[in-house]
Amino acid sequence: MRPQTKRLGDVIPAPALVVPEPAVTFTISPETAVSAPPAAAAVAAGLGSLADDGPVRLQLTDTDGLGPEGYRLEITASGVSLRAAEPAGLFWGVQTLRQLAAGDGVLPGGVIEDRPRFAYRGAMLDLARHFFTPAEIKAHVDLLVQFKINHLHLHLTDDQGWRLEIPGWPRLTETGGGPGTGCDGAGPGFLTLAEYSDVVAYAAQRFVTVVPEIDMPGHVNAALVAYPELTADGQPVPPRTDAEVGYSSLVAGKEETYAFVEAVLKTVADATPGPYLHIGGDECLSTSAEDYRTFLARVLPLPGKYGKRAVGWHEIAAADLPEGTVVQYWRPEEQNPAVDAAAAAGREVIMSPADRVYLDMKYDASTPIGLDWAGLVPVERAYDWDPARRLPGVPEESVLGVAAPLWSETLRGPADVQFLTFPRLPAVAEVGWSPQERRSWASFRERVAAFGPRWEAAGVAYFRSPEIDWPAS
Ligand code: TNX
């Protein structure tokens, strides 16, 4: 027998429980017969050959409290049993199996019982500063799900562009998605509603919920360019392609504002099957504190009116938050009394501290793209923190999850996305999925090294961080 080089625990994110049976292996190949329940046949695609029965068996059954995303995987000398209560659990279990099978198809024996620490494990892509096509977004989803990321937040609008068709408001995408939009005018394009729905469906088939963001009342220059009646004096404003923030605002005291906002949010809610609608709310430096609160008092109830939960960047904690509102914390500071107070009032928090999980921060001083306003974020920094200990008043029970935003001011295509995302996103995915006591940088660093050759083979432009001993390529 060939020496066993793989270990059952060599998975990212680290599973909750791993019980290896080191003497045992089972080898899977494209010819191996794989059975799956009809409701979950798609999750097994490509694993082997789908059959009514066979040595690899996927089953939907009660899994003793592993939850809607949990799974139990048993690898013996005669085959594989993967069980989950829901199709999502089978899908995540299949991701584990694929990682273990990588290369030679040899699966190390033993049992894994796994379930996520947090329900929300997200990545954000900024389509406003640079547009990415439906095909590029889908390819990105395929890379994210390998690490059990289950939410894709799309930042659809900002000063430099408007990237979603809104019926009745054609100039939003005519001017906001046309040639010359995006940072440096280098990222034009927009999604039609049909394309958006197609991306949402593609993600949903992979158990990823799309969270659309319409940023307001700030970050709205593209909307003001398209519809000058939304500006304070009704006069047109010029388009902008620089990376400044905080200069644009919807007007809290104008009824036109709310007609516009309601039309947009209704359209987006109707096109989005997922439970969340992100209304932005960040960096409103040219909106007075009073206007900000007036605006949010009108707008925060709208997602609920259309059947969604409102999500907003944490500045919204300055307003009264309807029940169910989710607060996304993004600043590098270690304190935020308003977010603490929101948590104390029962609101859930998504943790996205910029100094840990902003994928647009440079890895080190030599990183050619990205920003550094929150400092450098090497892989260890992205890995080595605990979301339940980040803000003093936001305990584990208040943390809905973790999300890694990727702002696109300096990005010019999918290779740039991949370079900043890998290997940091796998680090964040483990922060969101694995029990804190199962995590260690020393172990992660070893496990992530194995992905270098896989990303190379797949043409993924990852960063060969010097923090990791990559195998020779
Ligand atoms: C801050 S983070 C922003 C974005 C920028 C980002 C760049 C947040 C909610 N707002 O407008 O793109 O910094 O890192």
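The values are calculated or read from the model by the stated rules, or taken from the named source; none is laboratory data. Quick caveat: nothing in here was measured; it's all calculated off a predicted structure. All Cβ positions, glycine included, derive from the backbone under ideal geometry; neighbour counts span all protein chains shown. These area figures cover heavy atoms from the full protein model, side chains too; ligands, DNA and RNA do not enter into them. Shrake-Rupley method; radii C 1.70, N 1.55, O 1.52, S 1.80 Å.
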Partners for Lys362 among lysines (Cα-Cα distance below 28 Å; same-chain residues under 8 apart left out): Lys138, Lys148
Length-normalised contact order for the stretch 333-473 - Cα pairs under 8 Å, 6+ apart - percent: 25 percent
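Please compute the per residue accessible area over the chain with all protein chains in place, 1.4 Å probe, rounded to a whole number of Å². If you can, show how the numbers build up before the last one.
On the way: 17530 Å² over 473 residues.
Value for the chain: 37 Å² per residue.
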Area of Arg412 that stays accessible when all protein chains are in place (1.4 Å probe, Å², to 10): 90 Å²
Longest to shortest principal axis, alpha-carbon extents of the stretch 313-400, angstrom: 44, 22, 18
Angle in degrees between helix 193-205 and the longest Cα principal axis of the chain, rounded to the nearest 10: 30 degrees
Mean residue ellipticity (222 nm) of the chain, computed from DSSP H runs ≥ 4 via -39,500 (n - 2.57), nearest 500: -8000 deg cm²/dmol
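When you count, for each residue, the other Cβ atoms within 10 Å and take the mean per peptide, how do 314-322, 416-424 rank with the highest first?
Numbers: 314-322: 20.1, 416-424: 23.2.
Peptide ranking by packing, descending: 416-424, 314-322.
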For Gln328, distant residues with modelled amide H under 5 Å away: Gly312, Trp313, His314, Ile350
Residue-by-residue Karplus 3J(HN,Hα) for the stretch 138-143, coefficients 6.51, -1.76, 1.60, Hz, glycine and proline x: 5, 4, 5, 4, 4, 6
Where the Cα pairs of the chain fall when distances are cut into 20 Å bins, in %: 24, 55, 19, 1
For the stretch 190-221 versus the stretch 393-466, the gap between their alpha-carbon centres in whole angstrom: 22 Å
Debye equation applied to the C-alpha atoms of the stretch 216-355, log10 I(q)/I(0) at 0.13, 0.17, 0.21 Å⁻¹: -0.57, -0.97, -1.36
Surface share of carbon and sulfur [accessible, 1.4 angstrom probe, percent] for the chain: 55 percent
Sorted largest first, extent of the stretch 163-259 alpha carbons per principal axis (Å): 46, 31, 24
